[in-house]
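Each remark here refers to the structure printed beneath this line.
The values are calculated or read from the model by the stated rules, or taken from the named source; none is laboratory data. As the structure is a prediction and not an experimental result, all values here were calculated from the model. Don't worry about glycine lacking a Cβ; one is built from the backbone with ideal geometry, like all the others, and counts go over all protein chains shown.
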Amino acid sequence: MNNANNNGGQTSVAQLETKQPITVSDELPHISVCICTFKRPVLLRRLLETLSAQKTGALFTYSIVVVDNDQAGSGREPSLRSFGVPLRYCVEPKQNIAMARNRAIQNVTGDYVAFIDDDEFAPPHWLYTLYTTLSQHDADGILGPVDPHFEDGAPRWVIEGGFYHRPSYSTGMVLPWSKCRTGNVLLKRKLFDDDAVPFKPECLSGEDQDFFRRKIEGGKTFIWCHEAPALESVPQVRWRRGFLIRRALFRGVFAQRNHGLQPVRLLQAIISTPLYAIALPIALLFGQAKFMKCVFKLSYHAGRLLAAVGFNPIHQPYVTE
């Protein structure tokens, strides 16, 4: 499906000419790789460069859809470069990640939809591994790990604290919705055929988990592929203590907002907040990694409590710096 021209006049779309165009064959499956970006032109350029080098094994073709959630178009310049892959660039002017994802879906073509975040980049066999593994299983989509990639000079406490490490599972494991994200995923296009608004704008954050929850409740299946990691850039700005605190507060606020009043989780936050506050001086004795991990958990639970009384200390739709 291609609704690129049905955008109500709000979206700027550019179909790019490439030095080494990839022919979209009717005989091969086609994958649309979707990227939602917001004020990260350097990281976006890096991602696009790695996507241009994807191996297909002559099993499929692919193209790229970039949705810029910055109305000023900060992602335009890297998107308009020639990377040798068909690419469509469009703008979703309203800052809302769910609306940006929906805009991407409106512009995809072909049989499969992949999502990867703008602060990530992909090894050469990323897309090939996702595709071949999904083809071997009876599932509607497949997810892979997102591993941190630290720039040189990253403090030891940031690495040891595990703030950017995420769990991984055995290949073929069927996932519950709570373990599903869109940072590294390949989905069958038919998942979106009867869903006019697949990602709910009212979620503000966590819209991807909400999507997977509804699909799983409707009988869809999603599995894991350990061999298809994407790498998440962890630049210097993310080494700052203030960034980690804001990120934890953000997660807590929107975890509470998206999942509503859950007495058990709210009670957990009520108990955990003072306990982590008391533990801070003890954690400091064991070094910065333990101390900041304690601060991170304290901030997360405090964010949940603040959201429960209707207060958002972040006042922003994203935490980017």
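Over 21 Å from ASP26 (Cα atoms) and in contact (Cβ under 8 Å) with a residue 12 or more places away in the chain: is that true of ASP111 in this structure?
On the way: over 21 Å from ASP26 (Cα atoms): no; in contact (Cβ under 8 Å) with a residue 12 or more places away in the chain: yes.
It is false that ASP111 is over 21 Å from ASP26 (Cα atoms) and in contact (Cβ under 8 Å) with a residue 12 or more places away in the chain.
Could you tell me whether ARG265 is surrounded by 20 or more Cβ atoms within 10 Å (Cβ to Cβ), modelled with pLDDT under 90 and assigned to a helix (DSSP H, G or I)?
Details: surrounded by 20 or more Cβ atoms within 10 Å (Cβ to Cβ): no; modelled with pLDDT under 90: yes; assigned to a helix (DSSP H, G or I): yes.
Taking the combined requirement at face value, the residue does not satisfy it.
Given the structure, is TYR169 touching a strand residue (DSSP E or B) at 6+ places or on another chain (Cβ under 6 Å), over 28 Å from PHE60 (Cβ atoms) and in contact (Cβ under 8 Å) with a residue 24 or more places away in the chain? If you could, list the steps in order and put the result at the bottom.
Values: touching a strand residue (DSSP E or B) at 6+ places or on another chain (Cβ under 6 Å): yes; over 28 Å from PHE60 (Cβ atoms): no; in contact (Cβ under 8 Å) with a residue 24 or more places away in the chain: yes.
No, not satisfied.
So which residues in the stretch 54-82 are within 24 Å of TYR131 (Cβ to Cβ) and part of a loop (DSSP other than H, G, I, E, B)? Talk me through it step by step, then tell me what you get.
Within the stretch 54-82, the subset within 24 Å of TYR131 (Cβ to Cβ) is 54-67, 79.
The answer is GLN54, LYS55, THR56, GLY57, ALA58, LEU59, PHE60.
Taking the residues in the stretch 112-154 that are closer than 19 Å to TYR169 by Cα and among the charged types (D, E, K, R) as candidates, determine which candidate is farthest from the chain's Cα centre (by Cα).
Once the filter is applied, the top-ranked residue is ASP138.
Say whether the condition of being in a helix (DSSP H, G or I), within 30 Å of ALA289 (Cα to Cα) and not basic (Lys, Arg) is met by at least one residue in the stretch 224-237.
Taking the stretch 224-237 and keeping what is in a helix (DSSP H, G or I), we get 236-237.
Those left that are additionally within 30 Å of ALA289 (Cα to Cα): 236-237.
Subsequent filtering for residues that are not basic (Lys, Arg) retains 236-237.
Within the stretch 224-237, one or more residues are in a helix (DSSP H, G or I), within 30 Å of ALA289 (Cα to Cα) and not basic (Lys, Arg).
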